[in-house]
Amino acid sequence: MEMTKIYEKAPAKINLLLDVLRKREDGFHEVEMIMTMVDVADRLEMEELPRDQIVLTSQVGFIPLDEKNLAFQAARLLKERYGVTRGVYMHLDKQIPVAAGLAGGSSDAAAALRGLNRLWDLQLPLSELEALGAELGSDVPFCIRGGTALATGRGERLESLQAPPQCWVILAKPPINVSTADVYGKFRVNDLKSHPSIPDMLSAISRQSFPDMCAALGNVLESVTLHRYPEVKQIKDCMVRAGADGVLMSGSGPTVFGLVSKEIKVARVYNALRGFCKEVFVARMLT
Ligand code: ATP
């Protein structure tokens, strides 16, 4: 019998704004984030297996492919929760840099939940997939919903927003791996001198003002990562000097993104980065 094969795209997310309000009793941090997606994406291929098993492969050798992988965990969660006895073969074509602040693993988990919902004919509504996603990681619900959103709580409470003004997004990841848990562990909310303004960013987006969006970019986790890894600061400075209109570290880093409104400037920023880091991507926001 010919087995059905399906595909899901798993795009990277960037934080246009990331603020931390406080540390909660449950150990998580209370955050306020504005997130959007860019067209750098992993691709997850899923095919039913004739036996009751989850098999995951990838073209890259440096990520776990067992129960430590978030896409694997997503499949296992669906099987356990809904008593699925069908199996799946998943192949992950990894394009998003790993441990980069781009939610690659979370987006793969979201792609697995969306795809297996179809492959196994579970007919779960997106709201239920989002709730399941929250069990796997704080960024997974956003990756299921996609688009642009204001995320609160530990990042799992979402309010969808209109797309930000379109622009070029140049992503640069220095060759260091940053653990999100480490960065939050070192973060001290009382050390902050100021917080970025959610209302300013929301207003820039609703007025579709590219300059105001650039001015409202902010990420309080830069206070930890830039201090610890000076190369991240160097990349930011390099993008600013090369003419990027707005520059920010995404998530817990170390990826830095530069926003550019005019195509003519893209090559200048890209070329300026080449000496600094090998992993540089030119992307568009997904609208
Ligand atoms: P976030 O922004 O959500 O913190 P990130 O982009 O910083 O995510 P990931 O690329 O998701 O980080 O991966 C962090 C770690 O998670 C990796 O070091 C890897 O061992 C593990 N991991 C689990 N599942 C995946 C996956 N599908 N792809 C990549 N890494 C994964």
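The values are calculated or read from the model by the stated rules, or taken from the named source; none is laboratory data. Predicted model only: the values in this text are computed from it and were never measured. Cβ: placed from backbone, ideal geometry, glycine included. Neighbour counts: every protein chain shown.
Quick notes on this one:
- Selection from the stretch 266-287 of residues that are touching a strand residue (DSSP E or B) at 6+ places or on another chain (Cβ under 8 Å), part of a helix (DSSP H, G or I) and either outside the structural domain of C214 (by TED's automatic domain parsing) or more than 20 Å from Q95 (Cβ to Cβ) (or both): V269
- Set side by side, the residues P97, P174 differ, and just one is under 30 Å from Q208 (Cβ atoms) and surrounded by 17 or more Cβ atoms within 10 Å (Cβ to Cβ), which is P97.
- Of the residues M35, M46, the single one that is within 16 Å of the ligand (Cβ to nearest atom), closer than 25 Å to Y184 by Cα, hydrophobic (A, V, I, L, M, F, W, C) and not in a loop (DSSP other than H, G, I, E, B) is M35.
- Contacts under 6 angstrom Cβ, first residue in the stretch 25-53 being surrounded by fewer than 15 Cβ atoms within 10 Å (Cβ to Cβ), partner assigned to a loop (DSSP other than H, G, I, E, B), 6 or more apart: F28/R154; D52/T85
- Verdict on S206 being over 17 Å from the mean Cα position of the chain (by Cα) and among the hydroxyl-bearing types (S, T, Y): yes
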